Every structure is written in structure tokens, then in C-alpha cells.
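The values are calculated or read from the model by the stated rules, or taken from the named source; none is laboratory data. Given the structure is predicted, the values throughout are model-derived calculations rather than measurements. Please note: Cβ atoms are built from the backbone with ideal geometry, for glycine as well, and neighbour counts cover all protein chains shown. Protein only, heavy atoms only, side chains kept; ligands, DNA and RNA dropped before computing areas. Shrake-Rupley method; radii C 1.70, N 1.55, O 1.52, S 1.80 Å.
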Amino acid sequence: MHLTLEFGGGLELLCQSIKIHSVDVDPKPGEDKLLMRDLLSWVKSNLIKERPEMFMKGDSVRPGVLVLINDCDWELCGGIETALEEKDVVVFISTLHGG
């Protein structure tokens, strides 16, 4: 499944400072759909190059990371259980800033 992933608010620094990634991610074997839960695991394994604890906590994103699926807050779409579709755009934005 082809997806566009965007990282902002400093999260791009965890991905070698690359903000936009065009990726192909397959659902888990035996599954018909790719869930956000599976995408997060894939991102952690394949895109995050340093400090994965700044992106994820447990199976989900850390508090303070806004996730948008096609410009809609993922909490309104089903959160971690959201099924993704071909050519979806998933945006991760950190709302946490040091001072």
C-alpha cells in the first residue's frame, strides 16, 4: 500500500531531517487492511533512525504528537485501530517544544 508520511514540529530530526516520505507498506500476513498500529511499528523499524522514544510510547505515539490522516485528527478516525487506504497521507507533528 502506497502512503505519504510527513513529519513536522521537530520529528523530522528523528528521520534524518527528511520531512516527507513516500513509502510502500504491506499489511501483516493474513490481514486485509493496514492499521495505524502496524504503520507505527513499521515507521519505528524503518524510518526512525535515532531516539525512537521521542516518537513512540508503547504501541502508540507519545503524548504531544498530533497525528492527522488525510488532514483529519486520527482520534476522530479510530486512533490506533484506523484502517488505512491506498494513497492516504499521514502527518505526525510534535506539539512539544523545549524552553
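Quick notes on this structure:
- Taking Cα atoms only, the orientation of helix 36-46 departs from the longest principal axis of the chain by about 60 degrees.
- For the peptides 5-17, 74-86, the ranking by mean Cβ contacts within 10 Å, running from highest to lowest, is 5-17, 74-86.
- Of the trypsin sites (Lys or Arg not before Pro) found in region 42-73, the ones in coil according to DSSP and having at most 12 other Cβ atoms within 10 Å of their Cβ are LYS49.
- Ordered by 1.4 Å accessible area with all protein chains kept, SER94, SER22 run largest first as SER22, SER94.
- Three-way shape label, region 17-60, alpha-carbon gyration tensor, a/c 1.5: oblate
- Note on region 1-42: semi-axes of the ellipsoid equivalent to its C-alpha gyration tensor, largest first and rounded to whole Å, are 23, 10, 7.
- Bridgeable aspartates and glutamates around LYS28 (alpha carbons under 20 Å apart, same-chain partners fewer than 8 residues away excluded): ASP38, ASP59, GLU81, GLU85, GLU86, ASP88.
- Computed magnitude of the charge dipole of the chain (debye, nearest 20; Cβ of K, R +1, Cβ of D, E -1): 440 debye
- Given in Å, the Rg to one decimal and the Dmax to the nearest whole number for the Cα atoms of region 26-84 are 11.6, 33.
- Listed by chain and number, the aspartates and glutamates whose alpha-carbon sits under 13 Å from that of LYS19, ignoring those within fewer than 8 places in the same chain, are GLU6.
- Rounded to 5, the percent of DSSP beta bridges in the chain classed as antiparallel: 75 percent
- Approximate shape of the chain as ellipsoid semi-axes (Cα gyration tensor, √5λ), whole Å, largest first: 21, 14, 13
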